[in-house]
Amino acid sequence: MDHYCVMGNPVEHSKSPWIHARFAALTGEPVAYGKRLIPLDGFATGVREFVAEGGKGCNITVPFKFQAASLVSRRSARAALADACNILSFEGETIIGDNTDGIGFVMDIERNAEVLLAGRDLLLLGAGGAAAGVLGPILERRPRRVVVANRTVAKAKALVERHAMLAQVGGVELQAVALDGVTGQFDVVANATASSLSGSDVPVDARVLTPGALACDMMYGPAAAGFLKWAREHGAVGRDGLGMLVEQAAEAFALWRGVRPPSAQVLGELRAEMAK
Ligand code: ATR
């Protein structure tokens with residue numbers, strides 16, 4: 001068996017062990033996948049211990065994705081752009097970092113929700129870690145226009161500046177604004193803010209939605225409920241972050257094992273499991 005795990009704090013309710021166990025069973029790969037609660041001040045030690053035990057790689061979740069990006073010996077271009085890693089792979093003592101959150105988000109929208117981003121107008125709410133992880137892969141799909149709106153507009157501006165070249169190469173109009181400065185309507189609205197965790201309302205006016213827009217939250221379960229209700233009430237199609245979670249895991253599994261697991265099947269199974 002090759003050993004992997006998810007590291008986070010908290011990590012108790014992580015669905016990653018369940019998802020990777022299904023991927024392993026369906027592909028026949030000899031993968032054992034656990035979870036590790038890492039002390040808030042002990043991330044580097046936690047990773048090094050797992051490397052010393054012979055672990056092959058791990059997923060990184062809240063709040064360690066930024067620390068992971070500075071701990072690694074090498075990182076992919078997309079992890080460098082996001083300045084965050086959700087995947088580590090170990091080659092001997094060498095720790096390689098990657099970020100599959102963005103491609104997971106894009107895969108879920110394009111394959112599972114069947115909305116192609118090319119030529120569309122997309123509004124990204126938030127400019128923290130979750131938003132940073134997805135902006136690069138979104139731009140690579142060449143939408144027409146991407147607006148990043150954040151409570152702290154300076155953070156949105158910094159994120160947009162870091163991605164300006166990528167947007168220019170793809171011919172994408174990319175802009176940073178304050179939450180109350182959003183103009184126009186959008187085919188896709190992606191919520192990468194943590195506003196629902198503090199019980200706040202959706203931090204943008206519903207007029208940003210085109211009729212039938214796809215409104216995605218990057219959270220799932222109770223944390224996404226408020227956003228999905230808002231989407232429904234304003235004529236949009238709501239989508240939670242469960243598909244993104246499964247798709248980022250599938251990308252990680254493919255990177256580690258060289259085998260692509262049947263992610264849409266596992267997403268269906270996970271939804272059924274959570275509805276029990
Ligand atoms: P994550 O890694 O989950 O993205 P984060 O890096 O702390 O977490 O980012 C949280 C995001 O949610 C930020 O964009 C934050 O806005 P600020 O940059 O202004 O802090 C946003 N956010 C959190 N609470 C919010 C609220 N009540 N209303 C609007 N935006 C909120």
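The values are calculated or read from the model by the stated rules, or taken from the named source; none is laboratory data. Computed from a predicted model, the values in this text were never measured in an experiment. Because the Cβ atoms are built from the backbone with ideal geometry, glycine has one as well, and the counts that use them run over all protein chains shown.
Miscellaneous remarks
- Conditions (1) surrounded by fewer than 19 Cβ atoms within 10 Å (Cβ to Cβ); (2) touching a helix residue (DSSP H, G or I) at 6+ places or on another chain (Cβ under 8 Å); (3) more than 22 Å from residue 162 (Cα to Cα): number failed by residue 16: (1)
- Complete set of residues in the stretch 116-137 that are outside any helix (DSSP H, G or I) and either at pLDDT below 95 or near the ligand (Cβ under 8 Å from one of its atoms) (or both): 125, 126, 127, 128
- Condition met for residue 200 (within 10 Å of the ligand (Cβ to nearest atom), more than 23 Å from residue 82 (Cβ to Cβ) and either within 20 Å of the chain's Cα centre (by Cα) or of a type in the set (Ser, Thr, Tyr) (or both)): yes
- Any hit, the stretch 150-169, residues being touching a helix residue (DSSP H, G or I) at 6+ places or on another chain (Cβ under 8 Å), in the same structural domain as residue 224 (by TED's automatic domain parsing), in a loop (DSSP other than H, G, I, E, B) and away from the ligand (no atom under 16 Å from the Cβ): no
- Contact annotation: residue pairs with Cβ atoms under 6 Å, 6 or more positions apart or on different chains, pairing a residue in the stretch 118-131 that is not assigned by TED's automatic domain parsing to the domain that holds residue 81 and of a type in the set (D, E, K, R) with a partner that is more than 7 Å from the ligand (Cβ to nearest atom) and not in a strand (DSSP E or B), are 120/143; 121/144.
Residues checked against (1) touching an Asp or Glu at 6+ places or on another chain (Cβ under 6 Å); (2) closer than 23 Å to residue 138 by Cβ:
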{"position": "34", "(1), (2)": "no, no"}
{"position": "39", "(1), (2)": "no, no"}
{"position": "49", "(1), (2)": "no, no"}
{"position": "52", "(1), (2)": "no, no"}
{"position": "57", "(1), (2)": "no, no"}
{"position": "65", "(1), (2)": "no, yes"}
{"position": "89", "(1), (2)": "no, no"}
{"position": "100", "(1), (2)": "yes, yes"}
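- Filter result for residue 88 (within 11 Å of the ligand (Cβ to nearest atom), surrounded by 24 or more Cβ atoms within 10 Å (Cβ to Cβ) and not small (Gly, Ala, Ser)): no
- Only strands (runs of 3 or more DSSP E) whose full extent lies in the stretch 1-115 are considered here, and the ones with at least 1 residues that are touching a Pro at 6+ places or on another chain (Cβ under 7 Å) are 2-8, 31-37.
- Residue 249 vs. criteria assigned to a helix (DSSP H, G or I), within 18 Å of the chain's Cα centre (by Cα) and outside the structural domain of residue 138 (by TED's automatic domain parsing): yes
- Entry remark, the stretch 177-234: residues being touching a helix residue (DSSP H, G or I) at 6+ places or on another chain (Cβ under 6 Å), charged (D, E, K, R) and over 20 Å from residue 108 (Cα atoms) number 0 in total.
- Of all the criteria given as (1) within 19 Å of the chain's Cα centre (by Cα); (2) away from the ligand (no atom under 14 Å from the Cβ), the one not satisfied by residue 229 is (1).
- Within the stretch 221-258, the set of residues being of a type outside the set (Gly, Ala, Ser) and loosely packed, with under 15 Cβ neighbours inside 10 Å comprises 222, 229, 232, 233.
- Boolean, residue 140 is within 17 Å of the chain's Cα centre (by Cα) and away from the ligand (no atom under 12 Å from the Cβ): yes
- For the stretch 118-160, filtering for residues that are surrounded by fewer than 22 Cβ atoms within 10 Å (Cβ to Cβ), within 19 Å of residue 208 (Cβ to Cβ) and touching an Asp or Glu at 6+ places or on another chain (Cβ under 8 Å) leaves 4.
- Subset of the stretch 44-80 [surrounded by 19 or more Cβ atoms within 10 Å (Cβ to Cβ) and within 15 Å of the ligand (Cβ to nearest atom)]: 59, 60, 61, 64, 65, 68, 69, 79
- Pick from the stretch 170-203, criterion assigned to a strand (DSSP E or B) and of a type in the set (Val, Ile, Thr), ranking: nearest to residue 124 (Cα to Cα): 189
- Residue 30 fulfils the conditions (1) exposed (fewer than 15 other Cβ atoms within 10 Å of the Cβ); (2) of a type outside the set (Asp, Glu); (3) under 15 Å from residue 266 (Cβ atoms) except for a single criterion, (3).
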